[in-house]
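Visitor: Sharing a structure, written as structure tokens. Questions coming.
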Amino acid sequence: LQGKTPTSSIPLQQISPTYTTVTMMCTNMSTRCLLSILAASFLSSDINNILGTGTGNPSSIFAAAAANEKDIDDDDDYALSSDINVSTAAEAEVVATGGSDKCLFQSDFDHGTHIISESGMYKLCEDITFAPNKPNLDTATDEEIANAFDPVIQDEYNINEYSLGFFAALVVAAPDVTLHLNGYTIQQDASHALLQRFFAVIELASAPFISGAGPAQFVSDALVSATNFKLQGPGVIGRSSHHGIHGNNNVDVVINNVVFRDFEVAAVSLNNVKGLDIVNCNIPHNRQDVPILGSFSAAKQILPYLKALKSSSYSMPLRGRVTTVTEVYDAIVSSIANVYRDVMNTGFIDEYAHPDEYKLFNNPHRVVDGPCYAFLVHGKGPAVGGVGFAMTRDMDAASTNVNIANNNIENVVCFTNEVPASVVDGIVQNDARGAIVQLVNTFTNEYIAMDGLGRYTGNVITDAQIMVAKAIRDGVLVDDNILQTGVNTIDVGMIDWAMNPELVFDPKFRCNGDSMHHVVKGSIIIRVEDTQGFSIKGNTINAASVVSGPASSTPEYFSLFQSDNSLPDANQASWTCETYHFGASIEDGSEQQLANLRGISVAAVSSKVKNGNGNAMGNIDASDIQNNIITNFESNFANVIVGIDLQGISQGVLVSGNNVNLNESAGVDPSDQFIACRVRKFASENNVIQSNNVFVQEELWEVLEGRRLGLKRALSENHPPVNEWAYGGCPYGRAR
């Protein structure tokens, strides 16, 4: 480079003084950066201008690269973000000149979550794959694998906020932050995605939950949420075991021109957001190579409790034999390590080498085993309860001014594993992290922790859950910042059953929940609720499907196993749903919704501006669902497949100009499962307006006799108290 010796950086004008308008900063004396200047000059066929005295446009050095642009499409192989080239000279200038943008490199993530705590402009300067201190597959011991990726051992991370592990690759806990993806990919490594089951590539707050919500106390001081955050493409938010972007209590978030792929739960999930734009984004597919079920997360999350118990040499009878905590700990550690090695080597759990692990953890559908979304906007607290019914009266707890526009969403495959929860004296039995005590495998209808006579047989998970529960009741494990115990509900009677091989347990089951007993809602591609003022406009949703089977304990469910001669009759479980997990909405009653599929669902929403009567002041002020295209939906066991669903007490919504064709072979047939647009019976009749839509399947307006705006309805019998769901969103919520 004309004999220039780099110190800390080389401005481009040092190479050619005539180029005074462009500066390409090569920080860290990066060979890659220096070579990129040289390569760009050759590509431009303007080498004399770059290294000589030419006066051409500095953007010309990017012309050849722009001409070689590779579009982001729905190809199966999205892995290399280096294939994503900027498409204009203006974008090239953003990428190359840098200005005051702070570069983020792989090295910033090699030892854990990178935390942005100061306002400013940031950009990715290379692909990021998050797997801090990844264990060596060839040399790591079982215990090193099972306890890998633990941030608590690092002093720089708050033990409350990170008590469930590295919950994000990048945390934004500051106002006025702009992040340019800069054509690169940031994603979770497959190894970390296997062992860290709650995760967001980008978390827009200092902790993953608000104070008092979730299975632990994550906020020790005050939650610091991102405000005025902008995420700018082009670039990719890739693999995540939960969310691409997640946040609580954010203000003014803009996400533009981003590719989201390989997320398990949602591309974007924000609770209580005041001002949101998700525009011009592309979702070619969600993650479809998920090897394990939620039960594997239960094994991982109970492990720290056993590790803490080891120092006390704790023991208890299991199945009539005195069992030490070391035995239980070693068994679950070995099981986790077996799964890890199998999956890292082949992508699957080896059914023949590790049949017990295969039986407990294998995911036959290869997509996340709970409700999944593309975009989810919710009020305050996690969105794990039922579909919203009435908007909160506390507007500080509602989302506002949400705009989801001109996004393309394709090939989202969902599956909800309905896990019947055992109930003792009316209380669901769940462990200290909120995972239920699972007794039945609904894939095979086999008992997995008891025999056909009702005697405890156990497995590595239930043994650990029972031992931890007894240690809590014995006062050996006490509540602290990391290992909170208040969530545990495992009853003394269940503990006694596991201890005594002669005792028989006749479980009562509560259905319509998943492995964490979150309410089953089916799957929704765009879900907005508890929101005042929104626009869902110009989006395309194509090829969404749910692969869930029939609801558990139904005749259709049991019929799946009647012809399966591969399972001995003695292994077939015989049980029924005694009660149902209803959640917050009273519209669905005891309906088990695991296979239901919706394109756009809004619930407990209102217009952007209201007059004194709470009515929309004309179409211009209404929230709107406009000009969306929804096509090709499939779910074989759904009760309903709905293109646009307006639920709960919703008002002030304009539905206009949408094109919905859920199935090419289905038309207007009230007897089938396809409904182009449904207005639930509690939605305001006067304030939901429809015009100029093309609905190939039928519209359905549910009838509520004596309909009246704002009419209060009594909760159905056995419905949980309304405040069960306040801000916490789940049975163990402790929101304040």
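The values are calculated or read from the model by the stated rules, or taken from the named source; none is laboratory data. Only a predicted model underlies this, so the values are computations on that prediction, with no experimental measurement involved. All Cβ positions, glycine included, derive from the backbone under ideal geometry; neighbour counts span all protein chains shown. The protein model used for the area step is the full one, side chains on, heavy atoms only, and it has no ligands, DNA or RNA in it. Shrake-Rupley method; radii C 1.70, N 1.55, O 1.52, S 1.80 Å.
Visitor: Which residues does a label at Asp110 reach in the range 186-211, if reach means a backbone N under 20 Å from a point 7 Å past the Cα toward the Cβ?
Guide: Answer for this model: 186-193.
Visitor: Shifting gears a bit: For the range 148-192, with all protein chains present and a 1.4 Å probe, just round the carbon and sulfur fraction of the accessible area to a whole percent.
Guide: With neighbouring chains kept in place, the figure for the range 148-192 is 47 percent.
Visitor: Take the range 178-284, compute every pairwise Cα distance, and split them into 5 Å bins from 0; I just need the percent in each bin.
Guide: It works out to 3, 13, 22, 24, 20, 12, 5, 1, in whole percents.
Visitor: Please report, largest first and rounded to whole Å, the three semi-axes of the ellipsoid equivalent to the range 360-503, where each semi-axis is the square root of five times an eigenvalue of the C-alpha gyration tensor.
Guide: 36, 22, 13
Visitor: So, one more: Taking the Cβ-Cβ separation of Asn632 and Glu144 as r and a Förster radius of 41 Å, what is the calculated FRET efficiency to the nearest 0.05?
Guide: 0.35
Visitor: Using 1/(1 + (r/R0)^6) with R0 = 41 angstrom and r between the beta carbons of Ile159 and Val492, what's the FRET efficiency to the nearest 0.05?
Guide: With a Förster radius of 41 Å, E is 0.85.
Visitor: May I ask you to evaluate 6.51 cos²θ - 1.76 cosθ + 1.60, the Karplus curve with θ = phi - 60°, for each residue of the range 202-209 and list the ³J(HN,Hα) values in order in whole Hz, giving x for glycine and proline?
Guide: After applying 6.51 cos²θ - 1.76 cosθ + 1.60, I find 10, 9, 9, 6, 6, 9, x, 10 Hz.
Visitor: Convex hull over the Cα atoms of the range 212-353, averaged projected area in nm²?
Guide: Numbers: hull surface 50.2 nm².
Spelled out: convex hull of the Cα atoms, projected over all directions, averaged, 12.6 nm².
Visitor: With each pseudo-label sitting 7 Å past Cα toward Cβ, what's the Ser312-Gln562 distance in nm, one decimal?
Guide: 5.0
Visitor: Provide the packing ranking of 195-201, 537-543, i.e. peptides ordered by the mean count of other C-beta atoms within 10 Å per residue, highest first.
Guide: In descending order of packing, they fall as 195-201, 537-543.
Visitor: Using 0.36 nm per residue of separation minus the Cα-Cα distance, give me the extension gain between Ser574 and Asn639 in nm, one decimal.
Guide: Once the chain is fully extended between Ser574 and Asn639, it gains 21.0 nm.
Visitor: Continuing with this model, one more query. Give me the distance in nm between label points sitting 7 Å out from Cα along the Cα-to-Cβ direction at Val322 and Asp672, one decimal.
Guide: Simple spin-label model gives 6.7 nm for this pair.
Visitor: How large is the direction-averaged shadow of the alpha-carbon convex hull of the range 275-381, in nm²?
Guide: Working: hull surface 44.0 nm².
The directionally averaged projection comes out at 11.0 nm².
Visitor: Can I ask one more? Can you compute the FRET efficiency between Lys508 and Thr485 using 1/(1 + (r/R0)^6), with r the Cβ-Cβ distance and R0 = 30 Å? Round to the nearest 0.05.
Guide: 0.75
Visitor: Hey, how many Å between the Cα centroid of the range 369-424 and the Cα centroid of the range 441-514?
Guide: So the two Cα centres are separated by 29 Å.
Visitor: Expressed as a rounded percentage, what relative contact order does the range 163-311 have, with Cα pairs under 8 Å and six or more residues apart? Walk me through the numbers on the way to the answer.
Guide: Numbers: 349 pairs, mean separation 33.0, N = 149.
It comes to 22 percent, rounded to a whole number.
Visitor: Here's another thing I want to ask about it. How large is ³J(HN,Hα) for each residue in the range 296-311, as worked out from phi by the Karplus curve 6.51 cos²θ - 1.76 cosθ + 1.60 (θ = phi - 60°), to whole Hz, x for Gly and Pro?
Guide: Those phi angles translate into 5, 5, 4, 5, 5, 6, 7, 4, x, 5, 5, 4, 5, 5, 4, 5 Hz.
Visitor: Under 5 Å between amide H atoms, partner at least 5 residues away or on a different chain: which partners does Ile115 have, H built in plane at 1.01 Å?
Guide: Amide H neighbours of Ile115: Val171.
Visitor: Could you report the range 423-577's accessible area per residue, 1.4 Å probe, as an integer in Å²?
Guide: Spelled out: the 1.4 Å probe surface of the range 423-577, per residue, equals 35 Å².
Visitor: Based on the Cα gyration tensor of the range 435-541, what are the three equivalent ellipsoid semi-axes, each the root of five times an eigenvalue, rounded to whole Å and given largest first?
Guide: On the way: eigenvalues 271, 89, 22 Å².
Ellipsoid semi-axes (Å, largest first): 37, 21, 10.
Visitor: For labels at Lys681 and Val703 in the simple 7 Å Cα→Cβ model, what's the distance in nm?
Guide: Computed distance between label sites Lys681 and Val703 equals 1.1 nm.
Visitor: So for each of 462-469, 187-194, 339-346 I average, over its residues, the number of other beta carbons within 10 Å; can you give me the resulting order with the highest mean first?
Guide: 462-469, 187-194, 339-346
Visitor: Can you tell me the order of 314-321, 120-127 when each peptide is scored by its average per-residue count of other Cβ atoms within 10 angstrom, highest first? Intermediate results must be reported in sequence, preceding the final value.
Guide: Working: 314-321: 15.8, 120-127: 19.2.
Final packing ranking: 120-127, 314-321.
Visitor: Quick one: check the C-alpha center-to-center distance for the range 311-354 versus the range 149-192, whole angstrom.
Guide: About 29 Å separates the Cα centre of the range 311-354 from the one of the range 149-192.
Visitor: How long is the gain from Phe348 to Asn256 if the chain were fully straight, where each residue apart is worth 0.36 nm and the alpha carbon distance is subtracted?
Guide: Numbers: separation 92, 0.36 × 92 = 33.12 nm, distance 3.53 nm.
Taking Phe348 through Asn256 to full extension adds about 29.6 nm, to one decimal.
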